[in-house]
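Okay, structure first, notes after.
Readers should treat all values here as calculations from the given coordinates under stated rules, not as data from a laboratory. Everything numeric here is computed off the predicted structure, so don't read it as measured data. Here the Cβ is made from the backbone with ideal geometry for all residues, glycine too, and neighbour counts use every protein chain on show.
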Amino acid sequence: MVDLKKSYVVGDVTVHALRGVNLDLARGTFLAVVGASGSGKSTFMNITGLLDRPTAGRYLLEGEDVSGFDRDLRAQLRNRKIGFVFQNFNLLPRTTALENVELPMLYSPDAPSAADRHAKAQRLLDIVGLGPRAHHTPSQLSGGQQQRVAIARALVNDPEILLADEPTGNLDTRTSIEIMEVLQRLNREKGITIILITHEHDIAEYAHREVTFRDGRVVSDRLVQSRRDAAQERAALPEEEAVT
Ligand code: ADP
Ligand code: MG
């Protein structure tokens, strides 16, 4: 991203959400984005995820300037490359975990057969450790389990980039560690680039690199010195009810 800017016009007020962001992100990085509320984190994520486009500046994705892409081009690229996870899970109620994960496949241009959809959704639920709960609806799942379903759903189109906006914002410490374990594993084993927005500095310590936003600018960009290992931490936690 080169001198990336985003302004919103609301009535006769212009809000400068991003005021010139410069950022170079290597494939396979696990990036944490921190900063106070209103500092521009979500705006940054929406542009990174091709949900929105900048007002000025350039966004080069694999060398291609995508900042001028229209809605359709962005949607095409987004469907191929990017998965999203949000704080509130955004699952359909009264719909099983399996069906929630299958849903995005129905909208993909080369929609797989029903059998292939089921098989893939089940495999993704297995990856996030939720295979045995495939037929539960969100109300029958804990917050952490719902977030795992959301992560599985985000993986449906085999994204290269996973964007997570406050994915542990509604979760307790233990559950947060479990979610970070899933994200660290996807990054390490599948090489997925992860961009994680959080306002908690201890969550940022699971990443390789941490950038801090303030008033629409990056005010700090550093490598995480002693990176936390969620798998190790979870193994050291006292036993609780089994996750399956
Ligand atoms: P964060 O995610 O760090 O809390 P945001 O990116 O959501 O920050 O917001 C940055 C600034 O842009 C805030 O002042 C916010 O009010 C404003 N903003 C965000 N989205 C919009 C929008 N759609 N319309 C108008 N203002 C917005
Ligand atoms: Mg936000």
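Just a few scattered comments:
- For residue 72 and residue 174, the FRET efficiency from 1/(1 + (r/R0)^6), where r spans their Cβ atoms and R0 equals 41 Å, is about 0.45.
- Counting every pair of alpha carbons in the stretch 26-88, the share spaced more than 16 Å apart comes to 51 percent.
- Sorted ascending by nearby beta carbons within 10 Å, beginning with the fewest, 52, 165 become 52, 165.
- Counting every other Cβ atom within 10 Å of each residue's Cβ, 103, 237 order from fewest to most as 237, 103.
- Anisotropy class of the chain from Cα gyration tensor, a/c 1.5 cut: oblate
- Ascending count of other beta-carbon atoms within 10 Å, so fewest first, for 105, 180: 105, 180
- For residue 233 and residue 200, a Förster radius of 22 Å and the Cβ-Cβ distance give a FRET efficiency of 0.90, rounded to the nearest 0.05.
- Each of residue 215 and residue 56 was given a label point 7 Å from its Cα along the Cα-to-Cβ line. The distance between the two points is 1.7 nm.
- Counted charge near residue 95, where neighbours are those whose Cβ lies closer than 13 Å (Asp, Glu -1; Lys, Arg +1): 0
- Take every DSSP beta bridge whose two residues both sit in the chain; close to 45 percent of them are antiparallel.
- Local net charge near residue 216, Cβ-Cβ under 13 Å (Lys/Arg +1, Asp/Glu -1): +4
- Expressed as a whole percent, the proportion of Cα-Cα pairs in the stretch 110-217 lying more than 16 Å apart is 61%.
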